[in-house]
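Each remark here refers to the structure printed beneath this line.
Throughout, read-outs are computed from the coordinates displayed, never taken from laboratory work. From a predicted model like this one, the values you see are computed outputs, not experimental measurements. Don't worry about glycine lacking a Cβ; one is built from the backbone with ideal geometry, like all the others, and counts go over all protein chains shown.
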Amino acid sequence: MSVHYRACNLCEASCGLQITVEDNRITDIRGDADDPMSQGYVCPKGIALADLHADPDRLRHPLRKRADGGWEPIGWDAAFDLVAQRLLDIRRRHGDDSIGMYLGNPITHGWAPVTLIPLLLNALGTKHRYSAASVDQQPQHLLSYLLFGSPLLLPVPDIDRTDHLLVIGANPVVSNGSIMTAPDVRRRLRALRDRGGRLVVIDPRRTETADMADEHHFIEPGADVLLLAAMVHTLFAEDLITLGSAQFYVDGVEVIGDLVADYTPEAVADRTGIDADTIRRLTRDFAAAPTAAAYARLGVCQTEFGTTAYWLVHALNILTGRLDTTGGWMFSLPAFDLPVIGAKTTDLIGYDRWRSRVRNIPEFAAEFPSITLADEILTPGQGQLRAMILYAGNPVLTVPDGRRMDTALDDLEFCVAVDFYLNESTRHADVILPPTALLEREEFDVVFGAVSVHNHVRFGEQVLDPDDDTRSDADILLELLWRIEADRNGRWRARLAHRARSGFFPHRFVDAALRVGPWGLRKGRRALSLAKIRKHEHGLDLGPLEPVLPKRLMTEGKRIRLDHPVVTTDWPRVHSLLDGEPDAHRDPDHFLLIGKRHLRSNNSWMHNYSRLLGGSNRCALLMHPDDAQHLGHSTGGQVTVATDVGSITAEVVISESVMPGVVCLPHGWGHSREGSRWRTAESTTGSSVNDITDTARFDPLSGNAAVTGVPVTVRAFGR
Ligand SMILES: Nc1nc2c(c(=O)[nH]1)N[C@H]1C(S)=C(S)[C@@H](COP(=O)(O)OP(=O)(O)OC[C@H]3O[C@@H](n4cnc5c(=O)[nH]c(N)nc54)[C@H](O)[C@@H]3O)O[C@H]1N2
Ligand SMILES: Nc1nc2c(c(=O)[nH]1)N[C@H]1C(S)=C(S)[C@@H](COP(=O)(O)OP(=O)(O)OC[C@H]3O[C@@H](n4cnc5c(=O)[nH]c(N)nc54)[C@H](O)[C@@H]3O)O[C@H]1N2
Ligand code: SF4
Ligand SMILES: [Mo]
């Protein structure tokens, strides 16, 4: 028997785990009480890591699709050769932009994918890069790029020291924080209230976070941009602006005052569903608190005004002197300095340098938005996508218009998936390369240190021995990389580069980055290295966040241009929202659809373990009792939820937690498509909400999908 300590890499919280292993099988997982960040907290998904590793449906060896559509095993080297040969053949015939890559959410939790995928993309030479980020947080990255100079310089609320936390469109008690690494958010919010602090939540659903709050207000989905404009208006109108030290490096404040001049609380009250007095009071409370932070996530990002609304979140924080101050809106100082390394070693820095072929959408950080991936596959012409690499994702269930995504992936000449499940998307692949799973590899978090609410660092030792003849994500990427490079650099040079790289990635690369990073050489004898970090099996506490501006800004002259033209030119669109008719309540069966997360689910996966299933239907449609009564729906009834894109069926659950005129359904379900192979997941009921979301709804600045506030009709099934 052996006991191991390492972080869970399933979500951003990165909780410390204590794992007991006997005969290479996990016999116990619990929270690591000595982890300085999570202090013993663990969620049910962390415990279910045992099931992931024991799952007979998890793929361990490569598969090749036969002509009749079935699968057959293929050896690793033969699989790598086949993949490279097919990709290179397509590239020779159709050019660099005939091959694309979709990166799923789990790549951010792996040091190998994060450090090696940029090299593979460069070797491919393609502009067709897509990821889950454009159904998630692209507005935040775009603003960080425009305001702070790196898409990865992302401020976080100093949740452990703030006196006032305003949460807009996030449910951190369930998500455990996002673009805010803060394991056990519930404990942290309880502590906030215990020290006399105030928690305010703005959300169309009374969420688990709202249940803990001093105040919760429903908001009409999609209307946050108006609420925030009215709050910023109130700051100017009531002379509540105090920039603090930001006055020395922030420009453009007056321009913001002019932009929001018409946005009185009265002007937005109807559209937001929040009355004018409340908007004024919320603003005064926020401005008056000794320390405060406004924090927003998916409920703001996944709207058609994602960037502009999120920009006003920054404005609210900056104009009240919260930026870079204790208890406010702060930056982490990560041991692996992703904001700097990522910006300097990749082509992340840039916006609108080129546009997408079919819909003319600006690239951002060298990516196109996922809402246009299917267009690029299905539309003939120069630059059409003919081959895809699907890496750790499931776009059929997670990107809008999943049925069209199915059609598109099916239409490809060739598709390779790097994933350990035969899911709704990877079933379209010609070859599947399954990497070893989380606890079968060493791991170092190179991403979430940059958005942590407390500076810390932790190395993850390998806990389980992988099966014989398996490969890690690092092995797979390195093997594909040299084969692609061989085409242009020659086999001999590519092999040589491969040998050098195999010795360098990811260990030596990360070690070198640590040594030159903020906690490296300049700290003298206390300088961190990978070896030093590995000695601390529970992780190393690097202390609370400290002010880092303007030094850490990566903008010209180290200044923040708050009135950045990319955002201010969007203002006429915001005005049209103010003048337009509200979408909801047009017809009694017309609703705005929002999403929801559950502690026992993780986007489209972790659904194959019975330990996380059971209980009530996870994929039911929540509806307010007034709406249900009016339409004659009752709990357990079946309804059809429809948009112009399509329709799905769902079971209704009547609940006062959701705002009248709004219905709520989670994404990532609907495992009934033929040809996937996660048998327990397939036994669950529920439809994929992305079968009715529309790729036409998106934030035109960042390209982010607008999957919340979706106008839908809800009718009794069969009517
Ligand atoms: N309607 C609607 N749609 C949404 C959202 C929403 O709120 N509403 N949320 C969006 C958000 S925030 C996100 S992040 C996306 C997620 O969208 P995706 O990233 O497309 O989907 P996931 O479910 O995260 O995909 C996980 C896949 O990665 C594989 N995987 C897990 N770990 C590893 C690994 O270590 N290596 C490899 N190679 N593969 C691995 C799993 O087997 C699984 O098949 O969904 C988005 N879609
Ligand atoms: N258990 C669990 N944890 C997860 C995940 C998971 O699938 N399961 N996924 C992980 C991922 S990839 C991510 S990105 C994070 C996401 O982290 P969060 O953003 O905290 O997660 P959500 O639960 O989607 O919270 C979005 C909230 O916005 C509200 N909302 C919807 N529309 C609007 C609107 O128009 N305005 C306002 N103000 N609110 C609105 C919704 O009701 C919801 O409560 O969670 C991560 N953690
Ligand atoms: S919250 Fe759960 S899934 Fe996320 S890191 Fe912690 S244990 Fe893992
Ligand atoms: Mo996400």
**Message:** Suppose R0 equals 60 Å. What FRET efficiency, 1/(1 + (r/R0)^6) with r the Cβ-Cβ distance, do Glu215 and Arg499 give to the nearest 0.05?
**Reply:** 0.50
**Request:** Show which aspartates and glutamates lie in cross-link reach of Lys551 when reach means a straight Cα distance below 13 angstrom and same-chain residues fewer than eight apart are skipped.
**Result:** Asp324
**Prompt:** Which value, in debye to the nearest 20, describes the size of the charge dipole of the chain about its Cα centre when Lys and Arg Cβ atoms bear +1, Asp and Glu Cβ atoms bear -1, and nothing else is charged?
**Reply:** 2140
**Item:** Spatially proximal lysines relative to Lys45 (Cα-Cα < 25 Å; intrachain offsets below 8 disregarded)
**Value:** Lys596
**Prompt:** How much of the DSSP beta bridge set in the stretch 583-716 is antiparallel, as a percent to the nearest 5?
**Reply:** 75
**Message:** Give the lysines reachable from Lys558 as a straight Cα distance under 26 Å; neighbours fewer than 8 places away on the same chain don't count.
**Reply:** Lys344, Lys523
**Asked** Relative to the Cα centre, what is the charge dipole magnitude of the stretch 173-311, using +1 at the beta carbon of each Lys and Arg, -1 at the beta carbon of each Asp and Glu, and rounding to the nearest 20 debye?
**Response** 820
**Arg403-Ser616 pseudo-label distance in nm [points 7 Å out on the Cα-to-Cβ vector]** = 2.9
**Asked** Karplus couplings for the stretch 487-497 from phi (6.51 cos²θ - 1.76 cosθ + 1.60, θ = phi - 60°), rounded to Hz, Gly and Pro as x?
**Response** 4, 9, 9, x, 4, 5, 5, 5, 5, 5, 4
**Message:** Placing +1 on the Cβ of each Lys and Arg and -1 on the Cβ of each Asp and Glu in the chain, which of Leu153, Met623, Ala716 has its Cα farthest towards the positive end of the resulting dipole?
**Reply:** Leu153
**Asked** Full extension from Phe717 to Arg508: what is 0.36 nm times the residue separation minus their Cα-Cα distance, to one decimal in nm?
**Response** 69.4 nm
**Message:** How big is the dipole moment of the stretch 2-54 about its Cα centre under a simple scheme where the beta carbon of each Lys and Arg is +1, that of each Asp and Glu is -1, and everything else is neutral? Debye, nearest 20, please.
**Reply:** 100
**Asked** For Lys535 and Asp194, what does the FRET efficiency come to when R0 = 30 Å and r is the distance between their Cβ atoms, rounded to the nearest 0.05?
**Response** 0.30
**Request:** Positive end of the charge dipole of the stretch 583-716 (Lys, Arg +1 and Asp, Glu -1 on Cβ, about the Cα centre): tell me which of Gly637, His607, Trp669 has its Cα farthest that way.
**Result:** His607
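Restricting to DSSP H runs of at least four residues, report the calculated mean residue ellipticity at 222 nm for the chain, -39500 (n - 2.57) per run over all residues, nearest 500 deg cm²/dmol.
That calculation yields -8500 deg cm²/dmol at 222 nm.
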**Message:** Can you tally the net charge around Val255? Count Lys and Arg as +1, Asp and Glu as -1, for every other residue whose Cβ sits under 15 Å from the Cβ of Val255.
**Reply:** -4
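Report, for the chain, the % of DSSP beta bridges that are antiparallel, rounded to 5. Walk me through the intermediate numbers first.
Details: 46 of 85 bridges.
Taking every DSSP beta bridge with both residues in the chain, the antiparallel ones total about 55 percent.
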**Request:** Take the Cβ-Cβ distance between Leu378 and Thr346 as r, set R0 to 30 Å, and report the resulting FRET efficiency rounded to the nearest 0.05.
**Result:** 0.55
**Estimated inter-spin distance, Glu22 and Lys523, nm [label 7 Å along Cα→Cβ]** = 3.9
**Prompt:** Which whole number of Å³ per residue matches the convex hull of the alpha-carbon atoms in the stretch 583-716?
**Reply:** 121
**Prompt:** Projected onto the charge dipole of the chain (+1 at Lys/Arg Cβ, -1 at Asp/Glu Cβ, origin at the Cα centre), which of Thr291, Pro62, Thr207 gives the Cα projection farthest towards the positive end?
**Reply:** Pro62
**Message:** List residues of the stretch 217-239, by number, whose backbone nitrogen lies under 16 Å from a label position 7 Å along Cα→C-beta of Arg284.
**Reply:** 231-239
